[in-house]
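Structure first, commentary second.
The values are calculated or read from the model by the stated rules, or taken from the named source; none is laboratory data. Fair warning: this is a prediction, and the values are worked out from it, not measured in the lab. FYI the Cβ positions are ideal-geometry reconstructions off the backbone, even for glycines, and counts take in every protein chain you see. Surface accessibility is based on the protein's heavy atoms, side chains included, excluding ligands, DNA and RNA. Shrake-Rupley method; radii C 1.70, N 1.55, O 1.52, S 1.80 Å.
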Amino acid sequence: MSSIRVVIFNADESFAPALRATLQTYEGVKIVAEVEEPSLIAHAIERFSADVLLVHLDPNPEALLPAAGEIAAGHPQVSVFAVSESTDGQLILSAMRLGLREFLTKPIDPKLLADALAKVAQKQVEELHGRLITILGSAGGVGATSLAANLAVELTSISNGKVAVVDLDYRFGQVATFLDVDPVYTIADLCESPERLESQVIERTLVRHESGVYVLARPLHFAQADGITAAHCVGVLSALLAQHHYVVVDGPSRFDVGAKAVLDVADCSLLLMQLLVPSIRNTLRMLEGMQEAGFNLERVKLVCNRLGRESGNLTLADVDATLNRPVFASLPDDPVAMSSAINFGEPLCKSHAKSKIRTAIRELAERLHAPPPEADEKAGARKGGGLFGKIFSEV
């Protein structure tokens with residue numbers, strides 16, 4: 001059974017030992033909090049990210065049932081179970097109408113409780129697997145960190161879900177700086193014991209930005225970077241995906257063994273480039289390397305950044321033709337808005353909400369959240385040739 005976090009509400013101290021003992025017989029079930037006041041239930045659920053609220057209704061079921069119903073309505077992600085010695089059909093019907101998932105009569109039938117917990121575990125398997133989006137820069141300074149930070153913010157707004165952004169540049173990463181957060185813990189702390197990445201550990205490590213994005217920063221010290229392996233990294237990302245709708249990754253910054261491990265599990269990789277010969281050459285090399293390594297290139301999307309800057313007569317059509325792949329999205333050159341946002345540590349939606357670059361990144365987030373049919377994405381792919389093809393014929 002998956003790990004199931006349970007908050008208990010129980011005002012009857014004499015029943016507490018039996019209730020705890022019953023729950024602790026089930027593998028994977030963890031009692032994360034016990035409260036005696038109805039006013040404390042919501043706080044405990046939010047603080048400990050509970051999966052189940054078990055409400056002991058006795059000795060006054062009619063008085064406590066509305067409070068349980070409020071939790072069920074306000075926290076739909078939580079399965080609310082009621083326990084009572086009452087077998088009154090009207091009480092049970094009222095509980096179901098209020099959104100409670102189970103009504104267990106005392107003494108609790110172990111099989112009925114096991115079946116109820118199994119439903120919660122199955123729900124976790126079906127619902128908790130987010131999408132991993134990696135941002136790969138074709139060259140240093142191409143804008144990968146800016147895109148990662150702002151894309152994560154936009155996805156949070158569009159999806160109304162939990163989104164994390166992860167910094168995989170273990171030595172010089174700046175995701176935390178771009179969002180002006182001050183991490184106490186980093187990815188290095190999670191990698192020290194990846195086999196015990198429980199939800200509470202992850203939540204303490206992440207920093208919540210005011211936009212709602214959760215930030216996992218690069219290590220605080222250079223020496224910590226040396227101990228992070230590909231297995232560590234994938235383990236951390238997998239744990240994050242079990243708790244977030246989207247995980248946006250700034251990196252990998254090098255096409256090495258660690259990068260290949262991350263790309264293996266990525267749902268979509270945005271390969272960021274500019275209309276500059278060195279950047280496009282690197283893009284070509286990266287695509288060829290991915291193809292040789294057996295990666296599915298349909299999951300790789302080309303994004304052209306700083307479009308509109310003087311490009312020496314190179315165009316998006318030249319890129320399409322030479323790489324034999326369409327450009328999935330382009331981002332305009334908007335140096336004033338972007339530089340200001342970076343220097344103040346603010347996402348574009350806060351400091352430059354109406355800027356061209358913010359609009360483009362939001363449109364990209366919308367496309368990723370509801371991607372177009374594959375046929376539309378492939379339309380426009382053309383064979384290489386012309387002046388631009390000659391430039392790259394010597395690569």
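Summary of values
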{"item": "Val262 vs. criteria modelled with pLDDT under 90 and hydrophobic (A, V, I, L, M, F, W, C)", "result": "yes"}
{"item": "Residue selected from the stretch 169-187 under the condition in contact (Cβ under 8 Å) with a residue 40 or more places away in the chain and open to solvent by less than 10 Å² (accessible area, probe 1.4 Å), by the criterion farthest from Val303 (Cα to Cα)", "result": "Ile187"}
{"item": "Condition broken by Gln24, with the remaining ones in (1) of a type in the set (S, T, N, Q); (2) in contact (Cβ under 8 Å) with a residue 24 or more places away in the chain; (3) within 19 Å of Asp109 (Cα to Cα) satisfied", "result": "(2)"}
{"item": "Residues that are more than 17 Å from Leu151 (Cβ to Cβ), buried (at least 17 other Cβ atoms within 10 Å of the Cβ) and not hydroxyl-bearing (Ser, Thr, Tyr), drawn from the stretch 243-282", "result": "Gln243, Gly258, Ala259, Ala261, Leu263, Gln274, Leu275, Leu276, Ile280, Arg281, Asn282"}
{"item": "Test: residue in the stretch 202-219 that is surrounded by fewer than 17 Cβ atoms within 10 Å (Cβ to Cβ) and among the aliphatic types (A, V, I, L, M)", "result": "no"}
{"item": "Count of residues meeting criterion [under 19 Å from Ala95 (Cα atoms) and among the hydroxyl-bearing types (Ser, Thr, Tyr)] in the stretch 1-38", "result": "0"}
{"item": "Neighbours by Cβ (under 6 Å, 6+ apart or cross-chain): first from the stretch 86-109, farther than 22 Å from Pro17 by Cα; second aromatic (Phe, Trp, Tyr) and open to solvent by less than 50 Å² (accessible area, probe 1.4 Å)", "result": "Ile92/Phe103; Ala95/Phe103"}
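Here is a yes/no grid of residues against (1) of a type in the set (Gly, Ala, Ser); (2) at pLDDT 95 or above; (3) closer than 20 Å to Ser269 by Cβ:
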residue: Lys301; (1), (2), (3): no, yes, yes
residue: Cys304; (1), (2), (3): no, yes, yes
residue: Glu310; (1), (2), (3): no, no, no
residue: Leu316; (1), (2), (3): no, no, yes
residue: Leu323; (1), (2), (3): no, no, yes
residue: Pro326; (1), (2), (3): no, no, yes
residue: Leu331; (1), (2), (3): no, yes, yes
residue: Met338; (1), (2), (3): no, yes, no
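So that you can scan it fast, the table gives a plain yes or no per residue for (1) over 25 Å from Gly212 (Cα atoms); (2) in a loop (DSSP other than H, G, I, E, B); (3) of a type in the set (D, E, K, R):
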residue: Phe255; (1), (2), (3): yes, yes, no
residue: Ala259; (1), (2), (3): yes, no, no
residue: Leu263; (1), (2), (3): yes, no, no
residue: Leu270; (1), (2), (3): no, no, no
residue: Cys304; (1), (2), (3): yes, no, no
residue: Thr322; (1), (2), (3): yes, no, no
residue: Ala337; (1), (2), (3): no, no, no
residue: Ala341; (1), (2), (3): no, no, no
